[in-house]
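The next block holds one structure in the form of structure tokens; read it before the comments.
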Amino acid sequence: MASAGIGDSLEGFHAVRAACDAGRLIRIQVERSRADRTEYAALLDQARRKGVAVELVDDVRGQAATAAPQGVIAAARPIPFVELGEAVAATTPAAVVVLDHLEDPRNVGAIVRSMVAAGVHALVVPSRRSAPLGATAFKAAAGAFEHLRVVSINSAADATRRLHKMGVWLVGLDAGAERSLFGLDLLAEPVAVVIGAEGKGLSRLVSDLLDVTVSIPIVPEVESLNASVAASLAMFEISRVRAESRNHP
């Protein structure tokens with residue numbers, strides 16, 4: 001990740017359109033074969049009205065990071081990183097997701113999409129040994145990064161220590177934990193959900209810093225859930241618990 005921020009190179013219709021809506025686009029390339037389609041024509045019109053450099057080309061795949069760029073790529077001004085305190089203040093009470101060295105940018109993008117859909121708007125990522133927040137992650141997020149505050153920090157362990165000092169409860173997802181995610185009253189409080197790496201789970205150092213670890217009950221025939229699926233369930237459980245808390249104070 002570049003220190004200036006994320007999202008300067010984009011592909012996929014929804015990611016590019018969202019960046020255009022946010023006024024970040026600098027340059028856009030669209031395949032001629034798609035330019036007359038209603039949604040692409042509207043995107044091109046919007047881009048031109050905003051002063052974005054527009055180019056029609058035969059094929060964008062040679063410049064794309066993903067296998068299916070959907071006929072559009074773009075260059076944009078990056079979304080700047082924010083400080084941890086600003087991210088914590090993004091939701092009241094605080095709701096933060098900390099990634100503990102996830103490696104697949106598609107999983108990260110899917111997590112971001114679920115976060116924003118559930119009303120969680122703060123993401124903390126380690127600056128080392130983690131998935132790049134580039135075109136692949138942005139395409140998987142389908143525009144959700146535009147509504148997110150992202151913190152880049154040295155390590156997930158550093159993030160958990162600092163969040164604890166801010167009065168944020170630390171909840172880790174762990175397939176082996178005895179306590180269930182569902183019905184966890186702690187989710188109504190200022191909380192950070194920590195998600196471990198694909199296959200490896202939470203790191204030992206981070207696990208030792210958590211207030212509680214929880215699991216998602218599943219049938220014995222399935223060993224575990226994909227990280228993005230587990231994170232999605234956690235995000236919507238936060239939303240459900242908080243809605244219930246508001247309705248029954």
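The values are calculated or read from the model by the stated rules, or taken from the named source; none is laboratory data. Just so we're clear, the structure is a prediction, and the values are computed from it rather than from any experiment. FYI the Cβ positions are ideal-geometry reconstructions off the backbone, even for glycines, and counts take in every protein chain you see. Protein only, heavy atoms only, side chains kept; ligands, DNA and RNA dropped before computing areas. Shrake-Rupley method; radii C 1.70, N 1.55, O 1.52, S 1.80 Å.
Could you grab me the full set of residues in segment 226-249 that are closer than 13 Å to Ile111 by Cα and outside any helix (DSSP H, G or I)?
Asn226
Please go through segment 166-186 and pick out each residue that is in contact with a Ser or Thr (Cβ under 9 Å, 6 or more places away or on another chain) and over 23 Å from Glu83 (Cα atoms).
Leu173, Asp174, Ala175, Gly176, Ala177, Glu178, Arg179, Ser180, Leu181, Asp185
What are the residues in segment 190-225 that are open to solvent by 70 Å² or more (accessible area, probe 1.4 Å), within 21 Å of the chain's Cα centre (by Cα) and in contact (Cβ under 8 Å) with a residue 40 or more places away in the chain, if any?
Correct list: Lys200 only.
Taking the stated definitions as given, is Glu39 among the charged types (D, E, K, R), modelled with pLDDT of 95 or more and touching a Pro at 6+ places or on another chain (Cβ under 9 Å)? First the steps, then the outcome.
On the way: among the charged types (D, E, K, R): yes; modelled with pLDDT of 95 or more: yes; touching a Pro at 6+ places or on another chain (Cβ under 9 Å): no.
It is false that Glu39 is among the charged types (D, E, K, R), modelled with pLDDT of 95 or more and touching a Pro at 6+ places or on another chain (Cβ under 9 Å).
Give all pairs with beta carbons closer than 6 Å in which a residue from segment 51-63 that is under 18 Å from Gly23 (Cα atoms) meets a residue that is assigned to a strand (DSSP E or B) and open to solvent by 70 Å² or more (accessible area, probe 1.4 Å); count only pairs at least 6 apart in sequence or on separate chains.
Partner pairs satisfying both residue conditions: Ala53/Arg27.
Would you mind stating whether Ala243 is modelled with pLDDT of 95 or more, surrounded by 12 or more Cβ atoms within 10 Å (Cβ to Cβ), within 23 Å of the chain's Cα centre (by Cα) and small (Gly, Ala, Ser)?
Spelling it out, it is not the case that Ala243 is modelled with pLDDT of 95 or more, surrounded by 12 or more Cβ atoms within 10 Å (Cβ to Cβ), within 23 Å of the chain's Cα centre (by Cα) and small (Gly, Ala, Ser).
Name, by its number, the condition in (1) closer than 20 Å to His121 by Cβ; (2) open to solvent by less than 30 Å² (accessible area, probe 1.4 Å); (3) touching a residue at least 60 places away in the same chain (Cβ under 8 Å) that does not hold for Gly85.
The one condition Gly85 does not meet is (2).
Which ones in segment 162-178 are over 19 Å from the mean Cα position of the chain (by Cα) and surrounded by 14 or more Cβ atoms within 10 Å (Cβ to Cβ)?
Matches in segment 162-178: Arg162, His164, Met166, Val168, Trp169, Asp174, Ala175, Ala177.
Residues in segment 1-29 that are over 13 Å from Ala75 (Cβ atoms), outside any helix (DSSP H, G or I), among the hydrophobic types (A, V, I, L, M, F, W, C) and open to solvent by less than 40 Å² (accessible area, probe 1.4 Å): how many?
Residues that pass the stated criteria total 1.
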